[in-house]
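Novice: Starting off with a structure, shown below.
The values are calculated or read from the model by the stated rules, or taken from the named source; none is laboratory data. Just so you know, these numbers come straight off a predicted model, no measurement behind them. Methodologically, a virtual Cβ is constructed for each residue, glycine included, from the backbone with ideal geometry; neighbour enumeration extends over all protein chains shown.
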Amino acid sequence: MHGALSYSERLSHLGGGGSHILGASLIWAPGFLIFWAPLSFGRLGFSYSGRLSHLDSAGSHPGDVTSLFAFASLIICRMVTYILDITIKLLTERKLYMNKEFHIQTHSHSEMLDITHEIEGWVKEQGIQEGIAIVSSLHTTAGITVNENADPDVKTDMLMRLDKIYPWTHPQDKHAEGNTAAHLKTSTVGHAQTLIISEGELVLGTWQGVYFCEFDGPRSRKYHVKVIADK
């Protein structure tokens with residue numbers, strides 16, 4: 001159980017990035033104790049001052065002094081434990097954010113390129129085990145979709161159907177570049193997809209693959225992958 005782990009065991013799970021935060025905590029924690037602890041103990045000291053002033057007249061009572069320092073030590077220990085516990089909790093429960101921009105060259109006016117292996121390979125290189133990956137096209141005439149990657153005829157049929165729905169030329173189109181159909185196709189398939197990462201793998205169905213969809217090529221294109229890792 002997480003709560004039962006010792007500090008050394010919990011610290012062993014922290015990544016390199018966490019060491020900077022932990023190091024900072026080891027700097028500000030003593031500062032907190034040096035500058036603020038005396039203020040916290042001020043009232044405690046004053047409450048004992050009356051009793052200590054009577055030591056000479058009423059006889060020596062070393063137990064009073066011992067109790068004072070024992071109580072102060074207990075408070076200090078609990079404050080340090082609390083600070084370390086909060087710091088370690090923040091570090092062990094933190095999320096990691098990673099980004100990468102991929103470049104891809106398309107070869108046809110309309111095509112769907114399987115980019116599953118590129119994304120999965122990068123995820124594995126980063127050692128990401130759990131989280132999500134957001135794949136986003138950086139273009140208005142090229143999108144990202146998830147669909148079957150077993151039978152290539154699926155891609156052919158999808159492109160053919162999109163061409164029928166959005167013919168390349170239309171007498172009422174006003175866009176000067178003449179590629180309104182490409183914009184419509186991109187909005188239809190979407191510019192981005194969110195994928196689940198589990199046990200270091202993209203969670204995809206048996207026949208699923210991630211596609212970069214070119215609708216106005218050939219061109220040099222880019223797509224962006226952002227991973228939010230749980231651990």
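Novice: Among the residues of the stretch 182-231, which ones are more than 24 Å from Pro152 (Cβ to Cβ) and hydroxyl-bearing (Ser, Thr, Tyr)?
Specialist: Ser187, Thr194, Ser198
Novice: While we're looking at this one, here's another question. Taking into account only those residues within the stretch 169-195 that are among the aliphatic types (A, V, I, L, M) and under 39 Å from the mean Cα position of the chain (by Cα), which is nearest to Ala142 (Cα to Cα)?
Specialist: Among those that are among the aliphatic types (A, V, I, L, M) and under 39 Å from the mean Cα position of the chain (by Cα), it is Ala182.
Novice: Return the only residue of Ala181, Ala133, Ala142 being at pLDDT 95 or above, more than 20 Å from Tyr223 (Cα to Cα) and crowded, with 16+ Cβ neighbours inside 10 Å.
Specialist: Ala181
Novice: For Lys164, are the conditions met, namely being of a type outside the set (Phe, Trp, Tyr), under 27 Å from His103 (Cβ atoms) and part of a helix (DSSP H, G or I)?
Specialist: Taking the combined requirement at face value, the residue does not satisfy it.
Novice: Of these, Ala176, Ala181, Ala133, Ala150, which one is small (Gly, Ala, Ser), touching a residue at least 60 places away in the same chain (Cβ under 8 Å) and either at negative phi or in a strand (DSSP E or B) (or both)?
Specialist: Of Ala176, Ala181, Ala133, Ala150, the one residue that is small (Gly, Ala, Ser), touching a residue at least 60 places away in the same chain (Cβ under 8 Å) and either at negative phi or in a strand (DSSP E or B) (or both) is Ala133.
Novice: Would you be able to tell me the number of residues in the stretch 152-176 that are in contact with a Leu (Cβ under 9 Å, 6 or more places away or on another chain) and exposed (fewer than 15 other Cβ atoms within 10 Å of the Cβ)?
Specialist: 1
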